[in-house]
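Chemist: The structure's right below; bear with me while I get my questions together.
Nothing in this text is a laboratory measurement; each read-out follows from the coordinates by a stated rule. The model shown is predicted, which means the values in this text are computed figures rather than measured ones. Quick reminder, even Gly has a Cβ in these numbers, built from the backbone with ideal geometry, and neighbours come from all protein chains shown.
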Amino acid sequence: MNKTMINWNNRYSARPRKPAFIPFGQEGYDESDSRHGTRTGYRLKCKCAPCKRAQADAIKEYKHRKNPNMRYNAPLVHPNQEGYNPDDPRHGTLNGYQRHKCRCGPCTQANTDWSLEYYHRVNPDAEFVVDPEGRI
């Protein structure tokens, strides 16, 4: 062995190790482990309710930090439902059509425009006909 390898072994082999983390539902699961109910526990493959909640909270906090004005998980109200607000910024977007399944006129038009642009990019020589309802 060379001198470098001996130094590396001496330096790192003496470190105390944490006991193995045992995920929820497996033999040897210890609820008193301080890593349960944290994002670290979730990353170590524990799927108990407190670890899942910690992961969800961390993601929600990250998204809020990234864009504080966005309303996450707010349902998009469709035109035929009570409480429809045409001023909702998600109406008339591809996201409103695809993710929120909104079929109002502006969302349908946004999807049609995107589809036409995509098809023209993929096959520039083809001709596409759009019917009066906005379908290709």
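Chemist: Please state, as a whole number in µm²/s, the translational diffusion coefficient that the Stokes-Einstein equation yields for region 33-72 at 25 °C and 0.890 mPa s, with Rh defined as the Kirkwood radius across alpha carbon pairs.
Modeler: The estimated diffusion coefficient comes to 233 µm²/s.
Chemist: Mind ordering 21-28, 52-59 by average Cβ neighbours within 10 Å, highest first?
Modeler: 52-59, 21-28
Chemist: Would you mind putting 97-107, 82-92 in packing order, based on average other-beta-carbon counts within 10 Å, highest first?
Modeler: 97-107, 82-92
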